[in-house]
Amino acid sequence: MTPPAINWTPLEPGQLKAMRIGVAISALVVITFVTGLDIGLYQDGKTSLGVIAAPTALFLLYQIIQGTRRRFRRWGYAKTEDELHVAHGVFIHTETSVAFHRVQHIDISQGPIERLCGVCQLVLNTAGTLNSKIKLPGLSRATAEALRDEIRQHIRADKE
Amino acid sequence: MSTEPRARRLHPIIPLVTLIRQIPELLLPIVGVAAVSDGETLARPLLAVVGLLALVLAYQVLAWWRFTYTLMPDEMYIESGILSRNRRSIPWDRVQDVEIERGPLARLLGLAKVRLETGGSESDEGVLDSISFADAVALREEISARRGVAPASSLQMTAREPPVFTMTTARLFQAGLLNFSLVWLAVIMGGIQFLERLIPWTMKDIETWIGLHEQEIWGMVGPASVVLALVLFLALGSIAGVVQMFVRNYGFNLWLERRTLRRVRGLLTRSEVAIPLRRIQAARTSAHWLKRRFGLCRVDVQTMGGSSSDDVQELAPLVTSEEAAQLLAIAGNFRLIAPDRFQPVASAHRWYDAQTQALPLALIALVACFVWPPAWWGLAIAVVMGTAQIIGATPHGWRLEDDMLYVRSGWFGQEHWLLPRSSIQSLSLKIGPLQKNLNLATVCMDSAGAPSGALRIRNLPTAEARALIEKLRIHHRPRARAATEIADTVTQPTAN
């Protein structure tokens with residue numbers, strides 16, 4: 001029995017922007033710390049200036065531009081008749097599938113960065129324990145609401 | 001038995017008991033106070049400590065005063081909160097059971113902790129910690145009367161029906177001996193070391209006192225004393241295992257009443273737990289290699305949103321395979337299958353852990369050997385670890401039969417999981433960086449109350465993993481009722 005191929009839908013381009021901003025903020029914290037360390041060591045005469053900070057900055061820049069793009073590309077979702085599939089992860093790639101009638105309740109959340117980039121996150125809560133929240137970020141408000149309403153229909157039909 | 005709605009409080013001794021329980025947490029500020037006032041007279045830090053204790057006690061008294069529970073005709077109110085009041089109402093309809101738990105301190109003081117078992121996932125939804133034991137028993141009868149059912153068995157009562165499982169003293173002893181573990185030895189050794197540090201004299205002092213020199217002691221070490229030490233170790237481990245088993249499972253009884261399993265056990269803390277059958281999500285049998293030799297195992301069930309923090313409940317600490325089959329049949333539709341029916345995972349799995357963990361360790365140790373010769377120890381450890389990992393990986397297998405998923409893993413401690421397909425909440429396929437090249441995938445099944453890392457089938461060939469997920473999927477059934485009910489496990493998947 002070969003399972004039917006899944007047609008993955010990529011996330012909104014706004015999500016890439018949101019991920020980049022998120023990574024850039026953490027990168028800023030790291031580079032501030034590393035630069036401080038670098039200058040400190042330079043003043044002690046132990047190293048020459050920029051020997052630690054420059055490679056770190058390059059690495060972080062790579063992460064912001066390319067690393068984020070790779071992560072973004074591995075995200076995807078697919079809605080079938082009765083299930084939602086979510087795929088993500090570069091290092092460990094995970095494909096999760098949840099049947100609509102397993103969903104207990106649905107949240108749509110939007111953080112400040114996400115709001116700026118015009119995306120939001122759909123969270124499906126199941127009665128499970130280890131993976132009870134199935135998160136799908138990077139949806140436009142309209143898509144998220146349409147998905148939510150459709151899944152809600154299934155839940156309602158199920159509970160009757 | 002009064003029926004008028006009257007706000008009741010917990011036992012008046014509770015503030016003091018809570019204070020005593022809090023002392024370990026208060027130790028840090030107390031030590032802090034003592035450290036700050038170092039060098040001064042003893043009076044001031046002592047005063048500070050007493051002041052702190054008095055403050056905490058006053059707070060506890062206030063909290064006790066503001067915690068009330070009221071039995072109303074249709075529900076129970078629990079009001080709490082010193083400043084912001086919180087009123088919780090628990091309708092009697094929703095109370096499935098009343099549990100009474102008594103720890104050693106509670107028994108000493110004649111107290112009992114009452115827990116109203118509702119379907120909710122919150123663990124401390126209806127907990128009265130604690131009231132007097134007589135009140136607790138009366139409360140249970142009152143609640144049972146209000147729910148319109150006969151009062152359930154209590155810790156003191158003997159049930160009308162004989163228990164479905166009992167741990168006899170002989171069985172407890174057997175289980176304790178089989179419970180022998182090196183962890184206990186480690187705890188004992190750690191304890192001895194800790195005591196050594198606490199006691200002002202050391203072994204050396206004792207040796208000096210006896211008038212023996214170290215050299216002479218070493219001279220006395222022969223094969224006989226090595227054997228003696230080994231025997232002593234084994235004896236200590238066995239005794240510790242037996243003691244632990246008796247403390248935990250003394251008087252272990254399991255009853256079946258009105259589709260609820262009721263378990264009573266414990267030597268010091270006597271606990272009673274109710275496990276409604278319809279909340280059981282999965283079952284597990286576990287046995288280490290020695291138990292397997294004797295055909296013995298332990299049986300647990302996984303429940304959803306239980307009263308205790310641990311959602312895996314022990315049904316029997318040690319049973320024969322026939323008894324296990326009986327218990328599993330009672331617990332749900334669980335049937336054990338023959339070991340030869342398990343399908344193996346990819347052959348690469350056997351070497352996977354050894355390759356990814358023991359092998360790198362061995363290589364590091366090998367390199368380190370050139371710099372620092374004592375590192376050969378690391379190499380020895382890596383070899384032992386790798387061998388253990390290869391042996392441990394071998395039994396891993398699975399089987400899907402009659403809507404039940406069976407997963408077997410481990411050799412030293414082997415677990416068999418039985419998961420009905422209807423208990424699966426979500427499915428995940430995971431492919432790690434190494435698995436990608438080997439074309440392998442791990443399938444994870446999430447279910448309500450699953451303990452971490454519980455149910456997964458590791459290193460299946462990716463195509464097989466996808467096919468399995470497809471089979472495990474519960475297709476949408478229009479007008480299907482609450483899918484968590486065990487009753488409707490038998491459903492045929494509609495063709496897609």
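Per the conditions (1) touching a residue at least 24 places away in the same chain (Cβ under 8 Å); (2) at positive phi; (3) not β-branched (Val, Ile, Thr), the sole criterion not satisfied by residue A:89 is (1). Residues in segment B:445-467 that are polar (S, T, N, Q) and within 21 Å of residue B:278 (Cα to Cα): B:447 alone. Test residue A:57 against the criterion of being assigned to a helix (DSSP H, G or I) and more than 18 Å from the chain's Cα centre (by Cα), and give yes or no. So residue A:57 fits the description; yes.
Residue by residue, here is whether (1) at pLDDT 50 or above; (2) closer than 30 Å to residue B:433 by Cβ; (3) not β-branched (Val, Ile, Thr) holds:
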residue: B:447; (1), (2), (3): yes, yes, yes
residue: B:452; (1), (2), (3): yes, yes, yes
residue: B:458; (1), (2), (3): yes, yes, yes
residue: B:462; (1), (2), (3): yes, yes, no
residue: B:474; (1), (2), (3): yes, no, no
residue: B:477; (1), (2), (3): no, no, yes
residue: B:492; (1), (2), (3): no, no, yes
residue: B:495; (1), (2), (3): no, no, yes
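Going by the conditions given, is residue A:22 surrounded by fewer than 17 Cβ atoms within 10 Å (Cβ to Cβ), touching a residue at least 40 places away in the same chain (Cβ under 8 Å) and within 20 Å of the chain's Cα centre (by Cα)? Yes: the conditions hold for residue A:22. Looking at B:270, B:248, just one residue is closer than 24 Å to residue B:176 by Cβ and modelled with pLDDT of 85 or more, and that residue is B:248. Restricting B:426, B:452 to residues that are out of contact with any His (no Cβ under 9 Å at 6 or more places or on another chain), facing chain A (nearest Cβ under 7 Å), assigned to a strand (DSSP E or B) and small (Gly, Ala, Ser) narrows the list to B:426.
Could we say that residue B:379 is more than 22 Å from residue B:338 (Cα to Cα), of a type in the set (A, V, I, L, M), assigned by TED's automatic domain parsing to the domain that holds residue B:283 and assigned to a helix (DSSP H, G or I) here? No, not satisfied. May I ask you to list the residues in segment B:431-449 that are facing chain A (nearest Cβ under 7 Å), in a strand (DSSP E or B) and touching a helix residue (DSSP H, G or I) at 6+ places or on another chain (Cβ under 9 Å)? If the condition is that a residue be facing chain A (nearest Cβ under 7 Å), in a strand (DSSP E or B) and touching a helix residue (DSSP H, G or I) at 6+ places or on another chain (Cβ under 9 Å), then B:431, B:447 are the ones that fit.
Among the listed residues B:322, B:314, which satisfies the condition of being part of a helix (DSSP H, G or I) and in the same structural domain as residue B:408 (by TED's automatic domain parsing)?
B:322
Going residue by residue through segment B:330-340, is there one that turns out to be crowded, with 20+ Cβ neighbours inside 10 Å, away from chain A (no Cβ under 14 Å) and part of a loop (DSSP other than H, G, I, E, B)? Yes: one or more hits.
Residue B:399 meets each of the listed conditions (1) within 28 Å of residue A:125 (Cβ to Cβ); (2) outside any helix (DSSP H, G or I) apart from (1). Test of understanding: among A:147, A:124, A:139, A:130, which residue is touching a Pro at 6+ places or on another chain (Cβ under 9 Å), outside the structural domain of residue A:20 (by TED's automatic domain parsing) and either farther than 30 Å from residue B:462 by Cβ or among the hydrophobic types (A, V, I, L, M, F, W, C) (or both)? Criteria check complete, one pass: A:130.
The values are calculated or read from the model by the stated rules, or taken from the named source; none is laboratory data. These numbers were taken from a predicted model, which means no experiment stands behind them. With ideal geometry, Cβ positions are generated from the backbone for all residues, glycine too; neighbour counts draw on all protein chains shown.
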